[in-house]
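Working notes, beginning with the structure itself.
The values are calculated or read from the model by the stated rules, or taken from the named source; none is laboratory data. Since the structure is predicted, the reported quantities are computational estimates derived from the model, not experimental observations. For neighbour counting, all protein chains shown are included, and Cβ atoms are generated from backbone atoms with ideal geometry for every residue, glycine included. Ligands, DNA and RNA are stripped out before the accessible areas are found, and what is left, the full protein with its side chains, is counted by its heavy atoms. Shrake-Rupley method; radii C 1.70, N 1.55, O 1.52, S 1.80 Å.
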Amino acid sequence: MNGRSRRAKLLGAVFSFALAATAGVAHAETPANALIVAQSIDDAVSFDPAEGFELTTVQSFNNLYQRLIESDRTDGTKIGPAVAASWESGADGKSLTFTLTGKSVFASGNPVRPEDVIFSLTRAVKLNKSPAFILNELGWTAENVDNAVEKIDDTHVKLTWTADVGPAFALSLLTAPIASIIDEKTVSAEAKDNDFGNGWLKTNSAGSGAFKIASYTPHEALVLEANGQSADKPKLENVILRNVPDVAARRLLVEQGDADIARGLGADQIDALKDKPGIKVLSVPSARTDYILINSKANETLGNPAFWEAARYLVDYNGIAKDLLRGQSQVHQAFLPVGFPGALTDTPFSLDVEKAKRVLADAGIKTPVKVEFIVFNDQPFLSIAQSLQSSFAKAGIELDIQPGVASDIYAKGRSGQYQMTLRYWIPDYFDPHSNASAFSNNRDNSTNTAAKYAGWVIPELTDETLAAVKEQDPAKRTALYEDLQKKVQKSSPFVFLLQGNDQVVISDKVKNYVQGLNADQVYYDHVEK
């Protein structure tokens, strides 16, 4: 049986399990050589690491690709080797020279070369997709990046930058998924219309990670297959992420043994599974922050800072965290998550309808007012949206909830085709600037940041953000980020609500599953059954 036929048979069997499980029929266990994960993958836009910026795609990248360096699995603040065995900072403080291991091999069988490093980093900057702003932090642009990444010899690559940042910060940036190393020979052969292979990589992979994409059917399933060329062979042959939009169906699948892992379950489903034999509920601290994003350019009302202020007092923070989500999140009202240097932990806002009414009235904002509220058609976003709809209505603000497929909601948010939405943000690397560069950096709408998506142009705050990343004294730098958070917390088109705590339901037959604080820290290579 060829590989395509075997994958089709395996995937067909998994689909049969899922369909039968929803009918209430008991079935055999999942295949011994495959990990079956039940979750929503509707958010997936692209599996190109230069473009993918959604939870499903970001969670896949550590399994499909290597970077020059990588964050430690258990302590993300530590950095270790990957494609590069070692590195050395230049005397100028604005360069790094990496020594490649020579052991990394792409799934195609091609060895990882300095040319692949150069191609990967330069194409990411030139494509200028959503995560490109991360590499832009080094001062890299489409015009200068070719001169910034240089082959020294067959085992050495040198990176230089113009931004006023040090090597430690540059190393943090290079742990982000956008810095994944891709196979130049394979991807270039698939390029069309000077797209650097972006169209092909939306649904395929070309990495040196433990797995490769065997097949991807949008809104149905992502099938990962062991990369036989990987130096660190995975324990299982396949990982299948099955799209199960309904949380009750996800619960049923893992409860009956037709899925090995279930993600994104609601509090009711988690409570029902906690004492079930053969099942474990993992509680994984997360750096995810949930927030309301307001389009300040949508209309005069939404662009009024008084509306932003009133919105802060129209959220039942404790009710959402304690009663609705029950352990899946905690109240958090700043853009840096707990666990990052300088993260604010105070919560100055609470539900106060009368105060919100006064703020609106004093600003001349007439109510009732109707606001389109686009949200992911998934939990817990729908439940949170319904709570917000109820509390905002008390001040005369009608939130018109418009659920949609996550990939469509992302597209609308990035293009400014929305009025208000509920979003989450997860740091791209372990440094406070990862979030500051998103929420307090937008000089002229030229960089893809959350502030740009909000239509919030803030040159002075941008200057302060750039000053913070340049600061070399740790204590002073922490103080600068604290000040930035306070300013954004007080007045901005962002209302920060929660910090997540991921609850993952897992069969007790699954061993060595690892998930870290950051979104991309999901690892399948050591999993056994």
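Worth pointing out:
- Residues of the range 308-326 that are within 23 Å of F376 (Cβ to Cβ) and either in contact (Cβ under 8 Å) with a residue 60 or more places away in the chain or open to solvent by less than 60 Å² (accessible area, probe 1.4 Å) (or both): W308, A311, R312, L314, V315, D316, Y317, G319, I320, A321, L324, L325.
- Boolean, A262 is small (G, A, S), within 20 Å of the chain's Cα centre (by Cα) and more than 27 Å from F133 (Cβ to Cβ): yes
- Hits in the range 75-88 - residues which are open to solvent by less than 60 Å² (accessible area, probe 1.4 Å), of a type outside the set (A, V, I, L, M, F, W, C) and assigned to a strand (DSSP E or B): G80, S86
- Taking residues in the range 198-223 that are part of a strand (DSSP E or B), and partners anywhere that are surrounded by fewer than 19 Cβ atoms within 10 Å (Cβ to Cβ) and modelled with pLDDT under 95, the pairs with Cβ atoms closer than 7 Å and at least 6 places apart or on different chains are A214/R7; S215/R7; V223/R7.
- Taking the range 489-500 as the range and being surrounded by fewer than 21 Cβ atoms within 10 Å (Cβ to Cβ) and in contact with a Pro (Cβ under 6 Å, 6 or more places away or on another chain) as the test, only S491 passes.
- No other residue among T301, T289, T367 is surrounded by 17 or more Cβ atoms within 10 Å (Cβ to Cβ) and more than 30 Å from S172 (Cα to Cα) apart from T301.
- If you check A50, A32, A38 for being of a type in the set (A, V, I, L, M) and open to solvent by 10 Å² or more (accessible area, probe 1.4 Å), only one passes: A32.
- Hey, K509 assigned to a helix (DSSP H, G or I) and either within 28 Å of N299 (Cβ to Cβ) or over 21 Å from the mean Cα position of the chain (by Cα) (or both) or not: no
- Selection from the range 89-118 of residues that are among the charged types (D, E, K, R), in a helix (DSSP H, G or I) and buried (at least 17 other Cβ atoms within 10 Å of the Cβ): D116
- Qualifying residue in the range 410-427 (condition: assigned to a helix (DSSP H, G or I), among the hydrophobic types (A, V, I, L, M, F, W, C) and either out of contact with any Lys or Arg (no Cβ under 8 Å at 6 or more places or on another chain) or surrounded by 20 or more Cβ atoms within 10 Å (Cβ to Cβ) (or both)): yes
- Only residues that are modelled with pLDDT under 95, touching a strand residue (DSSP E or B) at 6+ places or on another chain (Cβ under 7 Å) and β-branched (V, I, T) were counted in the range 232-278, giving 1.
- Within the set K202, K212, K151, the sole residue that is open to solvent by 50 Å² or more (accessible area, probe 1.4 Å), basic (K, R) and closer than 14 Å to A107 by Cβ turns out to be K212.
- Within the range 377-401, considering residues that are open to solvent by 10 Å² or more (accessible area, probe 1.4 Å), in contact with a helix residue (DSSP H, G or I) (Cβ under 8 Å, 6 or more places away or on another chain) and part of a strand (DSSP E or B), the one nearest to L265 (Cα to Cα): I401
- Subset of the range 327-339 that is open to solvent by 10 Å² or more (accessible area, probe 1.4 Å) and assigned to a loop (DSSP other than H, G, I, E, B) - its residue that is nearest to G264 (Cα to Cα): Q328
- Put simply, of D463, D483, D444, D431 the only residue that is among the acidic types (D, E), assigned to a loop (DSSP other than H, G, I, E, B) and either over 19 Å from the mean Cα position of the chain (by Cα) or modelled with pLDDT of 95 or more (or both) is D444.
- Qualifying position, being closer than 20 Å to F106 by Cβ, under 22 Å from the mean Cα position of the chain (by Cα) and either in a loop (DSSP other than H, G, I, E, B) or touching a residue at least 24 places away in the same chain (Cβ under 8 Å) (or both), among L138, L121: L121
- Subset tally (residues that are touching a residue at least 24 places away in the same chain (Cβ under 8 Å) and within 15 Å of P493 (Cα to Cα)) for the range 452-479: 5
- Qualifying residue in the range 131-146 (condition: open to solvent by 10 Å² or more (accessible area, probe 1.4 Å) and in contact with a Gly (Cβ under 9 Å, 6 or more places away or on another chain)): no
- Identity of the residue in the range 28-74, hydrophobic (A, V, I, L, M, F, W, C), within 22 Å of F340 (Cβ to Cβ) and part of a helix (DSSP H, G or I), that ends up farthest from the chain's Cα centre (by Cα): F61
- The single condition among (1) open to solvent by 10 Å² or more (accessible area, probe 1.4 Å); (2) at pLDDT 95 or above; (3) in contact with a helix residue (DSSP H, G or I) (Cβ under 6 Å, 6 or more places away or on another chain); (4) of a type in the set (D, E, K, R) that D164 does not satisfy is (2).
- Unique match (being more than 30 Å from L324 (Cβ to Cβ) and surrounded by 24 or more Cβ atoms within 10 Å (Cβ to Cβ)) among L265, L224: L224
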